[in-house]
Amino acid sequence: MTIRRVAIVGKGALGLLFGSQLERELGALGMCFVMDGPRYERKAGSPVMVNGRRRTFRDVRPSEAGVQNLVIVAVKSGGLDGALDLMVPLVGPDTCIVSLLNGISSEERIAERYGWKHTLVCVAQGMDAVRDERGLTYHHPGELVIGTGPGTDPGALAAVDALLRRADIAHTVSPDIQHALWRKYMLNVGVNQTCAVMGGTYGSVSAPGRQNRTFVAAMREVVAVARAEGIDLDEGDLTSMARLVASLAPDGMPSMAQDRLARRPSEVEEFSGALIPRAARHKILVPACQWLYDEMHRIEAAY
């Protein structure tokens, strides 16, 4: 299958980042953003600045989009249930589905609804995209790591790989996607939560001090739980993720820190919220993640 029709659900930082790249390859008729009724009425057709360039994308209602070759889910974790409902008219028997969500559970939730046959496992990493009311800015576009889940048709992986190659989107096909998924999860648990709770940036969390100690401690707790779950994370993975953060724009910040500034609900339940019960099952102590979890809920309660 050749992918020529792509719909993106979610017009935040990652949706715009990859949507703007895919539109170059597919054209305005081949790539669209799908919005629910109220959001469509407010925002459809509005121009968006992408790295200082004024862009206008095709925004459509689900009923108008039709069946797609590929659906990309780019919402926040709290919007996944709504996205799964919205996607119904977009998904046919051969539609591939890729999730750009953080965490380690979105693909399972998508597959529960639409099956594993055309659901890929994907990790979006290395980007420093910031989305605000003015649009999207980024210095590093990052990369996608893609692979198969239990029962994924290899043809779906090949089709998405071919599209990303045509669109010149940096990506890797991983033979061990669960390792890649947990590696990114480890990074998110450390950098997203630390920057959100402690008011940090990529620069401050990489510099010696309390933020850096918290960042590293939280990642080490993920390593311990991952290994108990059969995922071979180690100190080498931790070091490479810390170096990646240090390479990003020092005044940039991850999405969860941006959410705190905007007083939006965070993804803490996808990070420490998902790790803490797993750690308890394995009788592993995770004090750094427990502290970050409690502090984030305290912060959100004061909004």
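Counting only residues that are touching a Leu at 6+ places or on another chain (Cβ under 6 Å) and in contact (Cβ under 8 Å) with a residue 60 or more places away in the chain, which one in the stretch 14-38 is least open to solvent (accessible area, probe 1.4 Å)? In this case the residue turns out to be LEU16.
Look at ALA74 and say whether it is modelled with pLDDT under 95, of a type outside the set (S, T, N, Q) and crowded, with 22+ Cβ neighbours inside 10 Å. The answer is no for ALA74. Considering ASP153, ASP59, ASP81, the condition of being in contact with a Lys or Arg (Cβ under 9 Å, 6 or more places away or on another chain), open to solvent by 60 Å² or more (accessible area, probe 1.4 Å) and not aliphatic (A, V, I, L, M) is satisfied by ASP81 alone. For the stretch 217-227, state whether one or more residues are closer than 25 Å to ALA111 by Cα, out of contact with any helix residue (DSSP H, G or I) (no Cβ under 8 Å at 6 or more places or on another chain), at pLDDT 95 or above and open to solvent by 10 Å² or more (accessible area, probe 1.4 Å). The answer is yes; a qualifying residue exists. Residues of the stretch 188-201 that are open to solvent by less than 10 Å² (accessible area, probe 1.4 Å) and out of contact with any Phe, Trp or Tyr (no Cβ under 7 Å at 6 or more places or on another chain): CYS195, ALA196, GLY200.
The stretch 148-205 holds helices (runs of 4 or more DSSP H) entirely within its bounds, and those carrying 2 or more residues that are modelled with pLDDT under 95 map to 177-187.
Scanning the stretch 1-56 for residues that are more than 28 Å from ALA156 (Cβ to Cβ) and in a loop (DSSP other than H, G, I, E, B) gives ALA44, GLY45, SER46, PRO47, ASN51, GLY52, THR56.
Taking the stated definitions as given, is VAL145 under 28 Å from GLY236 (Cβ atoms), outside any helix (DSSP H, G or I) and in contact with a helix residue (DSSP H, G or I) (Cβ under 7 Å, 6 or more places away or on another chain)? Spelling it out, VAL145 is indeed under 28 Å from GLY236 (Cβ atoms), outside any helix (DSSP H, G or I) and in contact with a helix residue (DSSP H, G or I) (Cβ under 7 Å, 6 or more places away or on another chain). Within the stretch 82-96, the set of residues being in contact with an Asp or Glu (Cβ under 8 Å, 6 or more places away or on another chain) and not small (Gly, Ala, Ser) comprises just one member, LEU86. GLY52 satisfies every condition listed in (1) at pLDDT below 95; (2) in contact with a strand residue (DSSP E or B) (Cβ under 6 Å, 6 or more places away or on another chain) except (2). Taking the stretch 248-303 as the region of interest, the helices (runs of 4 or more DSSP H) fully inside it that hold 1 or more residues being touching a residue at least 60 places away in the same chain (Cβ under 8 Å) and more than 23 Å from GLU229 (Cβ to Cβ) are 255-261, 287-301.
From the list LEU248, LEU261, LEU285, the one residue that fits, being open to solvent by 30 Å² or more (accessible area, probe 1.4 Å) and at pLDDT below 95, is LEU261.
Residues of the stretch 95-118 include none that is out of contact with any Ser or Thr (no Cβ under 6 Å at 6 or more places or on another chain), part of a helix (DSSP H, G or I) and of a type in the set (A, V, I, L, M).
Per this entry, ASP128 is counted among residues that are modelled with pLDDT under 95 and in contact with a Phe, Trp or Tyr (Cβ under 7 Å, 6 or more places away or on another chain). For the stretch 61-79, the set of residues classified as under 26 Å from SER255 (Cα atoms) and touching a Gly at 6+ places or on another chain (Cβ under 9 Å) consists of ILE72, VAL73, ALA74, VAL75, LYS76, SER77, GLY79, listed by residue number.
The values are calculated or read from the model by the stated rules, or taken from the named source; none is laboratory data. Note that the structure is a prediction, hence the values are computed from the model and not measured. For neighbour counting, all protein chains shown are included, and Cβ atoms are generated from backbone atoms with ideal geometry for every residue, glycine included. Ligands, DNA and RNA are stripped out before the accessible areas are found, and what is left, the full protein with its side chains, is counted by its heavy atoms. Shrake-Rupley method; radii C 1.70, N 1.55, O 1.52, S 1.80 Å.
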